[in-house]
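All of the numbers you see were taken from the coordinates with simple rules; none came from a lab. On a predicted model such as this, the values are computed, not experimentally measured, just so you know. Don't worry about glycine lacking a Cβ; one is built from the backbone with ideal geometry, like all the others, and counts go over all protein chains shown.
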Amino acid sequence: MLEGMMLKLQEVSKVFRVGAFGGKTMTAVDEVSFEVARGEVVSLIGESGSGKSTIGKMVLRLMSAQKGTITVDGDDITKLEKRAYYRKIQGVFQDPFSSYNPIFKADRVFSMIKEVYFPKEPDRIWRDKVASALNDVRLEAGQVLNKFPHQLSGGQLQRLLIARALLLDIDLLVADEITSMLDASTRIDVLNLLADLKSRGLGVLFITHDLALGNYISERTVVLHQGRIVEYGPTEKVFETPEHAYTRKLLASVPQLHRKWEGV
Ligand SMILES: Nc1ncnc2c1ncn2[C@@H]1O[C@H](COP(=O)(O)OP(=O)(O)OP(=O)(O)O)[C@@H](O)[C@H]1O
């Protein structure tokens, strides 16, 4: 095992039953293997329907794999106690609003973590920890904690979720299209925040359909096509010398900002 290697997928497959009576099947993820080390961002790139979110859900144990194994530091994730698992690994998703219960104010997110994971921590110390985690994601406790989700922006809600993950002192973040609902400047802020966290040793599985984002943030890139990995390697290599025709097609479809559109 590589030093610091943390998340490892080995020939993981997911087959869904489809059709009116579940008589047909479709393979959404087909024998996928890759790894994410500590302090590393790995992007999982592919067009809609390529199986990216299904992989994220299996890693987060929201769905089981039919075949293959997923291990964290060598342990099969399905054998780990759930609470201990979620101390290490958390997910943040595309639509931050869906992760919140609209009837609770934002501070509820943090009080729930305290109840479940840190029941003995004195309130004063806990408050300081929350304030410091919020500071890390560039939010101010006084401005966000007493608000309902609808009173906060998408970017603020995403940051709150990242702060929550920080409080748990996780090792790996599964970020599924987390910037797609954000405007351009907030998006760069959230990306830079991830880069910050990475430098502190957090591993990130960065799921995106946006090649440019993947290129910006990740050390290694996995390109998925119809549930299969078609390219996997250092991001630079994947972008500069793609081996597979599908990757070349994806790259060619990215608008070239330095060129003007010349029409057809
Ligand atoms: N619960 C399910 N039952 C049946 N089929 C499913 C289910 N979840 C996903 N699929 C199918 O599996 C394939 C992969 O879906 P997945 O959501 O992983 O793709 P994706 O790459 O994340 O796409 P997107 O970028 O649009 O979110 C798709 O064809 C999808 O229709």
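Putting +1 on Lys and Arg Cβ atoms and -1 on Asp and Glu Cβ atoms, find which of 178, 167, 19 reaches farthest to the positive end of the dipole of the chain.
About the Cα centre, the residue reaching furthest to the positive side is 19.
Taking only DSSP H segments of four or more residues, each worth -39500 (n - 2.57), what value at 222 nm results for the chain once the sum is divided by all its residues, to the nearest 500 deg cm²/dmol?
That calculation yields -10500 deg cm²/dmol at 222 nm.
Output wanted: per-residue J couplings in Hz (rounded whole) for the stretch 97-109, from phi through Karplus 6.51 cos²θ - 1.76 cosθ + 1.60, θ = phi - 60°, x for Gly and Pro.
Working through the residues one at a time gives 4, 5, 7, 10, 8, x, 8, 9, 6, 4, 5, 4, 4 Hz.
What fraction of the Cα pairs in the stretch 1-102, stated in percent, has a spacing above 17 angstrom?
58
What dipole magnitude, in Debye to the nearest 20, does the chain give about its Cα centre under +1 on Lys/Arg Cβ and -1 on Asp/Glu Cβ?
Value, rounded to 20: 680 debye.
Among 58, 6, 181, what is the fewest-to-most ranking by other Cβ atoms within 10 Å? Before the final figure, lay out the partial values.
Values: 58 26, 6 21, 181 17.
Starting with the residue having the fewest Cβ neighbours, the order is 181, 6, 58.
List 207, 113 from most exposed to least, where exposure is judged by having the fewest other Cβ atoms within 10 Å.
Taking fewest neighbouring Cβ atoms as first place, the list is 113, 207.
Can you list the GluC sites (Glu not before Pro) in the stretch 12-49 that are in a DSSP coil and have 10 or fewer other beta carbons within 10 angstrom?
none
Taking the Cα atoms only, what angle lies between the long axis of helix 184-199 and the longest principal axis of the chain, rounded to 10 degrees?
That works out to roughly 80 degrees.
Quick one: which residues, 5 or more positions from residue 44 or on another chain, have an amide H under 5 Å from its amide H? H modelled 1.01 Å from N in the peptide plane, none for Pro or chain starts.
206, 207, 208, 222
Work out from phi, with θ = phi - 60° and the Karplus expression 6.51 cos²θ - 1.76 cosθ + 1.60, the ³J(HN,Hα) of each residue of the stretch 147-156, listed in order in whole Hz, and give x for Gly and Pro.
For the stretch 147-156, the Karplus-derived couplings read 10, 7, x, 5, 8, 10, 7, x, x, 5 Hz, x marking Gly and Pro.
Considering the chain as a Gaussian network with a 10 Å cut-off on Cα pairs, which listed residue, 225, 209, 244, attains the greatest mean-square fluctuation?
244
If you restrict to DSSP beta bridges whose two residues both lie in the chain, what percentage is antiparallel, to the nearest 5?
Details: 23 of 41 bridges.
The answer is about 55 percent antiparallel.
Skipping prolines and chain starts, which residues have an amide H placed within reach, meaning under 5 Å, of the one on residue 92, given they are 5 or more residues away or on another chain?
174, 175, 176
Can you flag which of 57/237; 24/57; 8/120; 8/249; 105/129 are past 26 Å Cα-Cα?
57/237; 8/120; 8/249
Can you tell me how much longer the chain between residue 75 and residue 47 gets when fully stretched, taken as 0.36 nm per residue apart minus their C-alpha distance, in nm with one decimal?
7.0 nm
Treat the stretch 5-252 as a sphere of radius equal to its Kirkwood radius over Cα pairs and apply Stokes-Einstein at 10 °C in a medium of 1.306 mPa s; give the translational diffusion coefficient in µm²/s, rounded to a whole number.
Answer, rounded: 84 µm²/s.
Taking the Cβ of each residue in 110, 104 as the centre, tally the other Cβ atoms inside 10 Å and list the residues starting with the fewest. Write down the numbers at each step before the final one.
Working: 110 21, 104 13.
Neighbour counts put them in this order, fewest first: 104, 110.
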